[in-house]
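Values in this text are rule-based calculations from the coordinates and carry no lab data. Only a predicted model underlies this, so the values are computations on that prediction, with no experimental measurement involved. Here the Cβ positions follow ideal geometry from the backbone for every residue, glycine too, while neighbour counts run over all protein chains shown.
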Amino acid sequence: MIIWLASYPKSGNTWVRAFISAYYYSLKGEFDFSLLNKIKQYPDKEFFNKEFDSVEDVSKEWISSQKKIIQSKTIKFFKTHSCLADFKDRPFTTSETTLGGIYIVRDPRNIFTSIKNHFSMNDEEAFKMLTDENRGLISDEGIFSSYTFISSWSNHYISWIKNNKFRRLIIKYEDLINNTYETFRDIAVFSNTLLNITDGVNKEKLKSAIETTSFKKLKAHEIKDGLHNSVTNFK
């Protein structure tokens, strides 16, 4: 089954992804950039066995590709920026393939500034992106299988907040900044519940995962190695 790490772009998803990869996929909670490969981004071309000629074609395969993912009978984390609302009457996911979700929400005023910098947009372009109900993102390679339907910020937020298809934890980006230990602890508690881990949170491992995924250290990794799964606007 799948546990989603979901957010609108530029909302802290990569930070949470780094923490979870350090906590669950390392021996002592020490982050290494290669651990991000343990939590892949979806949609992506590697989860489809053919190429597509349009967004409409690939959207028809989202559920079937997720069914193939869960055939391994293991629980996997996936990062996504997808809106949970239907795309042309086609759902992004269902309770048949999804065990739960961690949704990170950030003040849209701060996203506005971050989007401008990341996508090299002016004020008008950034505002249009945040309010465009038909907005999607696609990888730099321009391959349709990587298309992510994000819709507007408000639609994205509402789709995850009001979800009752599966269990989800709502995390505020601002709490990651101001109440770091408590917020990441809550993420670990929630994840342990979904993973059926009954030993409780390993406090030493938790502290290590938090320390090794600090902004300063992640920035150093970004400068050295670059970030995976970059996206551009889909026209």
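Over the chain, dividing the summed -39,500 (n - 2.57) contributions of all DSSP H runs of at least 4 residues by the number of residues returns a 222 nm mean residue ellipticity of -12500 deg cm²/dmol.
Taking a cut-off of 16 Å, what percent of all Cα-Cα pairs in the stretch 8-108 are separated by more than that? In whole percent, the share of Cα-Cα pairs in the stretch 8-108 beyond 16 Å is 63.
The value given for the stretch 108-147 is a Kirkwood hydrodynamic radius of 11.0 Å, derived from the mean inverse Cα-Cα separation.
Percent of Cα-Cα pairs more than 25 Å apart in the chain, please.
Numbers: 10842 of 27495 pairs.
Counting pairs separated by more than 25 Å, the tail of P(r) holds 39 percent.
Size descriptor for the stretch 125-198, Kirkwood hydrodynamic radius: 15.0 Å (Cα pairs only, one decimal). Would you list which lysines come within 21 Å of Lys73, measuring only between C-alpha atoms, while excluding same-chain residues fewer than 8 positions from it? Hits, sequence-local ones excluded: Lys38, Lys40, Lys165. Extension gain, Lys50 to Thr94: 0.36 nm times the residue separation minus the Cα-Cα distance gives 13.6 nm. Between Lys67 and Glu125, the modelled labels are 4.1 nm apart [label points 7 Å from Cα along Cα→Cβ].
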